[in-house]
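Right, one structure below, let's go through it.
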């Protein structure tokens with residue numbers, strides 16, 4: 001009888017004590033009172049236990065992906081597929097990151113009826129969180145029993161990192177072709193690239209280049225125009241040894257927020273962005289082959305679920321010896337001498353390199369860390385800027401354009 005409330009348990013205990021005392025002193029009235037006290041919660045438990053409830057629930061979340069700091073509305077539809085219910089107390093199970101669990105009181109529902117309730121959830125920190133299940137609590141009028149029935153229906157919401165609007169600045173990088181049907185104007189200029197490739201099923205026969213086909217022994221077609229797009233590798237340093245602080249106020253969370261802000265800015269400028277973590281895991285495995293990068297929602301989802309790694313050194317397995325592919329932009333934490341040498345090599349492999357270096361010492365209380373390695377990065381070929389805990393990201397971003 002785990003569903004008894006404190007009042008119900010007290011009645012049982014008092015009844016048992018009255019029965020024992022009545023037997024000991026030979027008072028039958030005490031025994032009768034004790035039996036009555038024990039009978040009340042027992043009967044309430046049996047009645048509610050045997051009452052059939054067939055309640056179902058459906059949810060409609062206004063946005064399955066929201067940014068940290070935003071709100072989303074959840075509509076809960078409750079229906080009764082069985083007999084008439086009594087008054088129901090409903091409580092939605094939520095992660096603490098989404099706010100306090102909402103509670104509703106639903107009046108008795110006749111068979112086949114439905115009703116809707118809405119509530120707001122506030123997305124405080126990034127991550128994926130379940131919404132539900134819904135707990136239905138049923139009690140008796142005397143408050144002896146409190147049944148908790150969990151309805152299995154659930155939903156989930158993805159909270160992406162908080163972003164800041166950044167100004168558009170002049171960035172340089174390698175222009176990479178991907179496609180053959182449309183010409184794109186470039187910030188730095190460009191011209192159509194007339195090339196020959198193998199015939200593919202569905203190609204226009206009027207584009208067959210017969211002289212080349214005769215020499216090659218197979219059909220070849222003209223690729224008269226090539227779609228151009230600027231590429232950028234966005235590196236985030238998510239090593240535990242590089243960051244300070246805990247929870248939403250840590251330097252790691254600021255690094256993720258900065259990375260998401262920069263990614264939005266680059267995508268708005270029509271960059272093809274590849275996200276790489278300190279472990280070398282890339283979000284776009286076919287990036288070098290021109291198959292296109294992962295779209296922005298998927299990139300933001302990866303950032304939303306990113307955790308710190310215990311790796312001590314930055315991985316370089318994502319760097320290819322040929323066709324490194326354009327611009328490199330890094331969001332870095334605390335760096336040691338080995339990291340600085342490694343990053344200097346990365347800058348030499350790409351067309352241009354930019355870095356936002358967090359001064360993680362400003363995230364500590366009463367402690368000191370090594371100063372940011374901004375000057376060393378500049379000596380290694382990077383355009384680098386330092387950002388403190390309370391620093392302005394747009395101002396640091398503008399500094400990279402100088």
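The values are calculated or read from the model by the stated rules, or taken from the named source; none is laboratory data. Since the structure is predicted, the reported quantities are computational estimates derived from the model, not experimental observations. Cβ sites come from the backbone with ideal geometry, for glycine too, and all protein chains shown count toward neighbours.
Being under 28 Å from residue 263 (Cβ atoms) and either assigned to a strand (DSSP E or B) or not assigned by TED's automatic domain parsing to the domain that holds residue 36 (or both) narrows it down to one of 108, 130, 141, 101, so name that one.
Exactly one of 108, 130, 141, 101 is under 28 Å from residue 263 (Cβ atoms) and either assigned to a strand (DSSP E or B) or not assigned by TED's automatic domain parsing to the domain that holds residue 36 (or both), namely 130.
Looking at the range 291-318 only, could you name the residues that are modelled with pLDDT under 85 and either part of a helix (DSSP H, G or I) or more than 20 Å from residue 263 (Cβ to Cβ) (or both)? Reasoning before the result, please.
Residues of the range 291-318 that are modelled with pLDDT under 85, as a first pass: 291-295, 316-318.
Result: 316, 317.
To keep it simple, each residue is scored yes or no on (1) at pLDDT 90 or above; (2) surrounded by 14 or more Cβ atoms within 10 Å (Cβ to Cβ); (3) not assigned by TED's automatic domain parsing to the domain that holds residue 147.
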site: 12; (1), (2), (3): yes, yes, yes
site: 23; (1), (2), (3): yes, no, yes
site: 30; (1), (2), (3): no, yes, yes
site: 34; (1), (2), (3): yes, yes, yes
site: 40; (1), (2), (3): yes, yes, yes
site: 45; (1), (2), (3): no, yes, yes
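With the requirement that a residue be closer than 13 Å to residue 157 by Cβ and not in a loop (DSSP other than H, G, I, E, B), what does the range 69-92 give you?
Selection gives 71, 72, 73, 74, 92.
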